[in-house]
Structures are given as structure tokens and as C-alpha cells.
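Trainee: One structure is given below, represented as C-alpha cells, and several questions about it will come after.
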Amino acid sequence: MADLQIDNLAKTFTGGFEAVRGISLDVADREAVFLLGPSGAGKTTTLRLVAGLEEAGAGRIMIGGRDVTRWTPRERNLAMVYDKHSLFPHLSVFENLAYPLRIRKMAESEIRRHIAGVAETLQIEKLLERRPNQLSGGQMQRVAIGRALVRDADVFLLDEPISHLDAQLRARMRVEFKRLQREFKATMLYVSHDQLEAMTMADRIVLINKGRIEQIAAPQDLFDRPETLFAATFVGEPPMNVMKAVISHANGCHSLRVGDAYIEVDHDWMQDGEAVKPGGNYVLGLRPQQLCLNPPDAEHPCRVQGKVFAVETLGSRVVFDIEVEGQVIRAMTTLDAALKYPRTIGAPIAFRIDPDFVYLFDADTGRTVRQARFTRQKAARFHA
Ligand code: ATP
């Protein structure tokens, strides 16, 4: 295995469309890095540039310390797994796995030894004599991964390899992938538009938007400390609530206006991160998980009054859509807690905001000017 370094990579397609605009990132040896972002962000193009399937307009790609930018795909010694598994339909599973080894003129005994090891790990030993059309979707995907693994590649490139599988199989494959990556000590660059996949499988996530990097972070850090409004709203389910922030200053106190409530914030709050100015152009962000529904203290200054707009049950969680002055704010709670709250459309429902849970973004640049400063302990107490 080897590490991968990408330095200021750019790609403009014929016609002038800039799909990748100066991407720099490192994948350490044995690390799983995910390229996450919306459709058209430039994830696949970045992967294809690393694979050598597209020619870079600018920038440099280093694998194991060697500059491979002008090397052919084969010289780069990478293994690629696609969404649509590209197994040869006329060959058995064994011959599909053996194919990349035969190209390398490996001895027959070596080929058998290699395939036996990989087949055992992937639990496909009993399928070796079958043809691809005699396999389920998940089995085919395991064979496709196996064909990449037998190769002893320096870096694995995966482009949405499990996105077409059904939800149950995807969940199993997520766990399996993580196990395989550890077992094979694989350096992995993995493209996904699915945040759940990236959050559960990645060591680090590279969030891409419009051909540029928005943020590189460990999954939990990306959720807790998004550096941009885009990152804050792209990661998290349901997405973060955002609204225009009105910050006022009266009688020596600062407050944030949300609906009919004026939530007092202290000097530290105003100075935390970048100093916040009253009247400035900001966007306020609140995670649905951080709103406390129907708080007991009816006079609490951080209490916002609204009406039930919709209620959605997602297994063990319930999402309340609450209308506040023409805007819908989403709050998420547990199934047990939800039994206490009204569900009739139009019924009054209130929620409480803790200023420590508030994110603030510069409305002009989209950059985060204030991170929420909660701790997990405080969040647990808040919801107790
Ligand atoms: P998805 O998740 O939908 O696959 P992506 O983030 O992988 O999206 P890319 O496939 O990298 O996005 O495409 C980035 C942009 O480049 C898109 O707008 C796409 O239309 C454009 N693009 C990709 N390939 C070409 C090409 N050969 N010629 C012109 N434009 C292209």
C-alpha cells in the first residue's frame, strides 16, 4: 500500500466547463478518505484524474512519493471499483478474479493461493464456479471488490460501489467494507453522495462543492464544526434549520430574534469565533436534534412559540415540522418523547433554543463565523 497526495488538481472539459478547480488533499497509507458532495460536484472527475482516465489540466498526483501525473493508468498500480460492477459475464467468478493476475503473468499456483485468501475473507468460496448471472447483487459486488483486492494495488479507488444495492444490503456492505479495509490495510479514496455512507465508513471526509473543497474533516468534526453554511446544511439528517439572523442591541443587551422570541446572548457569545455585529448580515443555524420541544417553563426567554405543520415518524425518531412566522423549523426527538407532544396539524407547540447550540454564518461569504459550543454532556442534559 502507499499514500496518495493530490496537489492543486484542475480539470476543464472541452467547452470550458471547470469540473475540478484546484483540489488538494492527502490520503495517508491505509486511510479511507471519502469524497462527498452533491451530484455534479466533481467527485468522479477527481477520481478519474487520480486513476489516469482523464488528463489533468493542472496540478500534481503523487503515489507513494512518486509523481504519477503523466503515467498511464496501468503504471499507477491502482484498483478501481465502480457502481455498475464490470464483471465478465462469460467467465466464472474464479476466472473473473484471476483475470487481473493473468494479465500480470502470475504463476497458476500463485493465482490459486491469492484467490483462495481473498475468497475466504469475502466469503465467496462457494461461488467460485458460478457465472455472474447466477449471483445476487451483493455477491456480484463482493466479487468486483475481490477482483480489486487480489491485485495488491497501491491505492483503491471506489466510485459509489454500493449505491445501487437495496438499503438492507447497503447497510451490510458498509460494515463489510470497513472490515475489509482494515484487514487488507487498504489506502482508499471513495466517492459517495450518501452522507450516511461517508459518516459511517470514512476516516476523513473531503466535502466537495462545485469543483472545490469546502472542508476536510473527520466525520464527527464535520457534523459538529462545519466551516461553511454549505457543509452545515449538507451534512446532518434532517438538515440543519437555517434562517436570516436578526441580532439586536437594546439596554446594553444583545439578543437574537427567532419568531416571537428574543434570545439573550452574552458578551462572550458575541465575541466567540469572529466578533458578531448587531445589524450584520448573518444566517442562523440550528440542528433539529438540538431543539427542546414544549419546555416546561412557559416564561423562558429562549422559548419560541409555533404551530404543528407536519409530523413524520422515522422508526425510532420523530420529526416535527413547526411553523414559526411563515417559516418551517424542524425538530427531531425520540419516539418515546414524541408521545408527549401534540400532533394535530395547527396545534400550538413550542421549543426552546440554547444560545450555545446556535451556529452563525456570514450571509455574504457563507463562512461559519460562530460554531455552536455545546458538549455532548450538555446536549444530553438539555434534552433530559
Ligand atoms: P455524481 O454524484 O452525479 O456522479 P460527481 O460529483 O461525480 O456527480 P462529476 O461526474 O465529476 O460529478 O461531474 C462534474 C461535472 O463535470 C458535471 O457537471 C458533469 O456534467 C461535468 N462533466 C463530467 N464529465 C464530462 C465530460 N466528459 N465533458 C463535459 N463535462 C463533463
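The values are calculated or read from the model by the stated rules, or taken from the named source; none is laboratory data. Every value quoted in this text rests on a predicted model; they were computed, and no experiment measured them. Note: ideal-geometry Cβ built from the backbone for every residue, glycine included; neighbour counts use all protein chains shown. The area values use the complete protein model at the heavy-atom level, side chains included, leaving out ligands, DNA and RNA. Shrake-Rupley method; radii C 1.70, N 1.55, O 1.52, S 1.80 Å.
Trainee: If you rank Tyr82, Tyr341, Tyr359, Tyr262 by how much accessible surface each has, with a 1.4 Å probe, what is the order from largest down? Walk me through the numbers before you get to the answer.
Mentor: Working: Tyr82 90, Tyr341 35, Tyr359 0, Tyr262 125 Å².
Per-residue accessible area, sorted high to low, gives Tyr262, Tyr82, Tyr341, Tyr359.
Trainee: Something else: Can you order the peptides 15-27, 235-247 by their average number of other Cβ atoms within 10 Å per residue, highest first?
Mentor: Taking the mean over residues of other Cβ atoms within 10 Å, the ranking is 235-247, 15-27.
Trainee: For the chain, what's the relative contact order in percent, using C-alpha pairs closer than 8 Å and at least 6 residues apart?
Mentor: Here the relative contact order equals 15 percent.
Trainee: Between Val175 and Ala250, 0.36 nm times their residue separation minus their Cα-Cα distance comes to what?
Mentor: Stretched out fully, the Val175 to Ala250 stretch lengthens by 21.6 nm.
Trainee: To continue, here is another question. Rounded, prolate or oblate for the range 151-194? Axes are the square roots of the Cα gyration tensor eigenvalues, ordered a ≥ b ≥ c, and the cut-off for rounded is a/c under 1.5.
Mentor: oblate
Trainee: A follow-up question, please. Count the lysine pairs in the chain whose Cα atoms sit under 19 Å apart, keeping only pairs 8 or more residues apart in sequence or on different chains.
Mentor: 6
Trainee: List the relative contact order of the range 231-383 as a percent without decimals, with contacts defined as Cα pairs under 8 Å and 6+ residues apart.
Mentor: 24 percent
Trainee: Please compute the modelled spin-label separation between Glu75 and Met243, points set 7 Å along Cα→Cβ, answer in nm with one decimal.
Mentor: Label-label distance for Met243 and Glu75, simple model: 5.9 nm.
Trainee: Of the listed peptides 195-207, 108-120, what is their order by residue-averaged count of other C-beta atoms within 10 Å, with the highest listed first?
Mentor: 195-207, 108-120
Trainee: In the range 146-215, what percent of the accessible surface is made up of carbon and sulfur (1.4 Å probe, ligands and nucleic acids excluded)?
Mentor: Carbon-and-sulfur percentage of accessible area, whole number: 49.
Trainee: With every protein chain left in place, what is the accessible area per residue of the chain in square angstrom, probe 1.4 Å?
Mentor: 47 Å²
Trainee: Among rounded, prolate and oblate, which fits the range 23-181 when a ≥ b ≥ c are the square roots of the eigenvalues of its C-alpha gyration tensor, a/c under 1.5 means rounded, and a/b larger than b/c means prolate? Could you put the intermediate results ahead of the total?
Mentor: On the way: a/c = 1.95, a/b = 1.35, b/c = 1.45.
Oblate, since a/c reaches 1.5 and b/c is not below a/b.
Trainee: Report, by chain and number, residues whose modeled amide H sits under 5 Å from the one on Val369, excluding near sequence neighbours (fewer than 5 apart, same chain).
Mentor: Leu360, Phe361, Asp362
Trainee: Between His164 and Thr334, what is the label-to-label distance in nm when each label sits 7 Å out along the Cα-to-Cβ direction?
Mentor: Output for this residue pair reads 4.1 nm.
Trainee: If packing is taken as the mean number of other Cβ atoms within 10 Å per residue, what is the order of 324-332, 132-140, highest first?
Mentor: Per-residue Cβ counts within 10 Å, averaged per peptide and sorted highest first, yield 324-332, 132-140.
Trainee: Something else: Got a number for the accessible area of Ser255? Probe 1.4 Å, square angstrom, nearest 10.
Mentor: Approximately 20 Å² for this residue.
Trainee: At 222 nm, what value in deg cm²/dmol follows for the chain if DSSP H runs of at least 4 each add -39500 (n - 2.57) and the sum is divided by all its residues, to the nearest 500?
Mentor: Details: 11 runs with 101 residues, N = 384.
Helices in the chain give a 222 nm mean residue ellipticity of -7500 deg cm²/dmol.
Trainee: Rounded to the nearest percent, how much of the accessible area of the range 231-383 (1.4 Å probe, protein heavy atoms only) is carbon and sulfur?
Mentor: On the way: 3810 of 7410 Å².
Of all accessible area on the range 231-383, carbon and sulfur atoms account for 51 percent.
Trainee: If you don't mind, another one. Obtain the nm distance between the two label points defined at Asp194 and Leu314 by a simple spin-label model: each point lies 7 Å from its Cα along the Cα-to-C-beta direction.
Mentor: The answer from the label model is 1.5 nm.
Trainee: With a cut-off of 8 Å between alpha carbons and a minimum separation of six or more residues, what is the relative contact order of the range 4-230 in percent? Please report the intermediate quantities before stating the final value.
Mentor: Details: 406 pairs, mean separation 67.6, N = 227.
Relative contact order for the range 4-230 comes out at 30 percent.
Trainee: Scan around Leu35 for amide H atoms under 5 Å from its own, H built in the peptide plane at 1.01 Å from N, and keep only partners 5 or more places away or cross-chain.
Mentor: Hits under the 5 Å cutoff: Tyr190, Val191, Ser192, Val206.
Trainee: Further question: For Glu325 and Arg343 in the same chain, what is the full-extension length gain: residue separation times 0.36 nm, less their Cα-Cα distance, in nm?
Mentor: On the way: separation 18, 0.36 × 18 = 6.48 nm, distance 1.88 nm.
So the extension gain works out to 4.6 nm.
Trainee: Heads up, I need the accessible area for Glu54: 1.4 angstrom probe, whole protein in place, Å², nearest 10.
Mentor: Estimated to the nearest 10 Å², Glu54 gives 40 Å².
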